[in-house]
Amino acid sequence: MHFYGSGKKHREHKSVTKGWHFLARNKSNHSHYRQHEDAEAIRLYNPYKTKNKKSRIKIRGTILPIFIISWIGLLLYLPYFRINKVNYLGLKIITESEIAKIVNDRLTPHSAVWPVNNYFLFNKNSLEQTLNNNFLLNSVTVTKVFPNSLVVQLQEKTTAGIYDNGEAYYLLDGEGMNIKYLRSISSSEFIYPTSTIATTTSVKTPTSTFIAGIHVPNYQGITEEFGDYPVIYDQKPQKTGENDRLLDNKTMQGVVALYNALQRVKTIKTAYFINDISGAGITAITNKPFKVVFQPNDNIDEQVSKLQIFLNNNHPLEYVDLRFGDRIYWK
């Protein structure tokens, strides 16, 4: 028996669709595919695979924090990252032992839980501030060099003179500030006149008694030891603590200018300067029998030029006073 179906036969039995019903048909088809995929997923679902994945996540969540904590601990506590080398650059007046004492104290662990000398934890900005507070510096830079070194670069304030208060010598900067204590003054830097008086003892033999000594700075020894700077003997000494101002700015600048200008005068050589109690001027003690009195607040070059002209035709024996404009007083 043979059956023949026309190619158009299906149209007679096709359900009637109206409007946008084809969209619903498409949705049903997609839904069908999704249901089919879900069925395949359910059929292929392996419960043991899910359990293994969860256990792997738990292990990973435990090991990773332990690894991070261990890694940080190694960075902090391994000796390899402990700062134990310090290089100092730019030292002139300041000795390495003076600055090393402060640096080593900052690198020495005391009661801190964390290692203060660890490369990653060490606070170089705090050390820079400490050095600035303890020394007169134009600048200071502390650089950490991986893994265990420091470089301390200093620029010291320029020394302008040596201050003598009758008890000790100090270095001064260009503004009259105390840079550093040098050494105390020895008894050999005083002249002690003596006088003979009769005593009331039974023996009644004459004895000698000392009178207050006159201080004469050892300017040759001090400049040979610490450098060729003007030595200023202050007869009205100030406080001599660290970073204290020992001479006012104008006086200090005038002394430095005077010292440099007198070096150009070939007929005399300056020994040291005296800032007397009156504060009316600066007296230059020279290698000649006379001394020269200047006004440090006035033009130094003009005063030195007057001195040169005066010495061409005059031979003073005690002093030359240049503090009064165009007039010169001498003896």
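No lab work stands behind these numbers, since they all come straight from the coordinates. The structure presented is a predicted model; accordingly, all values stated were derived computationally and were not measured. Backbone-built Cβ (ideal geometry, glycine too); neighbour counts: all protein chains shown.
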Confirm whether L136 is surrounded by 13 or more Cβ atoms within 10 Å (Cβ to Cβ) and under 8 Å from the mean Cα position of the chain (by Cα).
no
Hey, N243 touching a residue at least 60 places away in the same chain (Cβ under 8 Å), farther than 24 Å from Y192 by Cα, touching a Gly at 6+ places or on another chain (Cβ under 9 Å) and exposed (fewer than 15 other Cβ atoms within 10 Å of the Cβ) or not:
no
Out of curiosity, is V293 within 27 Å of N165 (Cβ to Cβ) and over 37 Å from the mean Cα position of the chain (by Cα)?
yes
Residues in region 243-264 that are of a type in the set (S, T, N, Q) and either over 13 Å from M177 (Cβ atoms) or under 24 Å from the mean Cα position of the chain (by Cα) (or both): how many?
4
Requiring at least 1 residues that are farther than 17 Å from Y219 by Cα, the strands (runs of 3 or more DSSP E) wholly within region 97-191 are 137-145, 149-156, 168-173, 178-184
Might you let me know whether region 263-273 holds any residue that is among the hydroxyl-bearing types (S, T, Y), in contact with a helix residue (DSSP H, G or I) (Cβ under 9 Å, 6 or more places away or on another chain) and over 23 Å from A160 (Cβ atoms)?
yes
